[in-house]
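Quick notes on the structure that follows.
Every read-out reported here was derived from the displayed coordinates using simple, explicitly stated rules and does not represent laboratory data. Not measured: the values here are computed from a predicted model. FYI the Cβ positions are ideal-geometry reconstructions off the backbone, even for glycines, and counts take in every protein chain you see.
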Amino acid sequence: MDKKFKQQLGLIAFGVALFTALNNLNYISDFLHVCAELLTPVFAGLLMAFILSVPMRGIGKRLSRLMPKASERTINVLSLIITLLLLVAIIVLLCVIAIPQLIASVKSIISLIKEKWPDWAAVLRNYGFDTAEISAYLNKLDWKTIAEKAMNGAGVVIGSVVSVAGSTISTVVNAAVSLVIMFYVLVGKQELGKQTRRALYAYCKESVADKVCHIAKLSHDTYAKFLSGQCVEVLILGTLIFLSFSIFRIPYAGLTAVLTAAFAFVPYIGAFLSCAIGMLLTLLAEPNKVILCLIVYQAAQFVENQFIYPHVVGSSVGLSPFWTLLAVLLGGKMFGVLGIIFFIPLMAVISQLLHENIEHRLAVRKLKKNDLIQKSD
């Protein structure tokens, strides 16, 4: 069959398919919705497997040194069990240590507002502000109920989610399927990788398969380094803020440290936001220490950025500040906070691939130029 005729036939088939699709958008939408429901547990399981594979990788390397004769599956199973135990331990520590401290901080802030408001109102009246309506509103508030809601809010939300999930059979089934997929991927990741590569090289050209494998490895390594480095860096930064505030007796050291650690996952914005909240809390409790709070916080951030972050995260992502800021802006605009976090390693992967392509093109152009020079000689 003539090549030109094949192209024309393909264009006609594409036009017919597009016309049919446009006239049956409702059916296509329903079909895509069903496909999304079917694939949701698969993607959830793969996402959980990817996240847990980061600590599993480090634990597996250490287990391989301790048990050199153990099989890969045994190492995978043991590292998965240890990872899950560590995850449970972290959750228990948060519930036992961090959450009660946060609750106590919220209660003390409420008591502080109630106690200090007359003094703040007098200062505001001196500057011409009418505080009568605000005072009346604050007097009507039931602070005890607000404190109880603050303490029990998280428990109510979690209980509601659990009850809704428990009452829906499909949700339970999807969760079970996601967990099964996660365990299968993590336990048999070497075998699954070999099967995927065999299928890829069987159905694609070798050059295409090589490129796909290279991009997949680069993406996995970049995300793994980014996530592991960020987790360690967050713990170090939170501890550093807590110790600095405690040494200088700045109020709400624990709450500010927890907020700093949580916001540290959001580049640029997180640092400014956590600093502003820390200064606001200090202003409420001890206004004379606001400047000290700013200096101590910025000093801790400077030490972390200059001496700790380069060694913990270093150049693992390999992005310049310009590309990092661009990734933050694009990710935040498209997907919110999650986009801000995950677009940095994505931009790093794209940047690395672009760099490789540019180097390849320049090398080819240089080789052609040398060939022309040799021929002219």
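Arranged by the count of other C-beta atoms within 10 angstrom, fewest first, what order do Lys375, Lys107 take?
Ranked by crowding around the Cβ, least crowded first: Lys375, Lys107.
Straight-line reach from Lys116: which lysines fall under 28 Å, measuring Cα to Cα and dropping same-chain residues less than 8 apart?
Lys107, Lys140, Lys144, Lys149, Lys289
Quick one: 3J(HN,Hα) in Hz for the stretch 327-334, Karplus 6.51/-1.76/1.60 with θ = phi - 60°, rounded, Gly and Pro as x.
Each residue of the stretch 327-334 in turn: 5, 5, 5, 5, x, x, 5, 8 Hz.
In what sequence do Ile59, Ile340 fall when counting other Cβ within 10 Å, fewest first?
Ile59, Ile340
Can you work out the Karplus-derived ³J(HN,Hα) for every residue in the stretch 59-76? Use 6.51 cos²θ - 1.76 cosθ + 1.60 with θ = phi - 60°, whole Hz, and x for glycine or proline.
5, x, 5, 6, 5, 5, 6, 6, 10, x, 8, 6, 6, 4, 5, 5, 4, 5
Treat each spin label as a single point 7 Å out from the Cα along the C-beta direction, and report the His214 to His360 distance in nm.
In this crude label model, His214 to His360 measures out at 0.4 nm.
Just how far, in whole angstrom, is the stretch 270-299 from the stretch 336-352 if you go by their alpha carbon centroids?
A separation of 30 Å, based on Cα centres.
If a/c stays under 1.5 just call it rounded; otherwise compare a/b with b/c (prolate if a/b is bigger, oblate if not). Do that for the stretch 1-78, with a ≥ b ≥ c from the square roots of the Cα gyration tensor eigenvalues.
The shape class here is oblate.
Where the centroid of each part is defined by its Cα atoms, how far is the stretch 1-59 from the stretch 227-247 in Å?
Each part reduced to its Cα centre gives a spacing of 42 Å.
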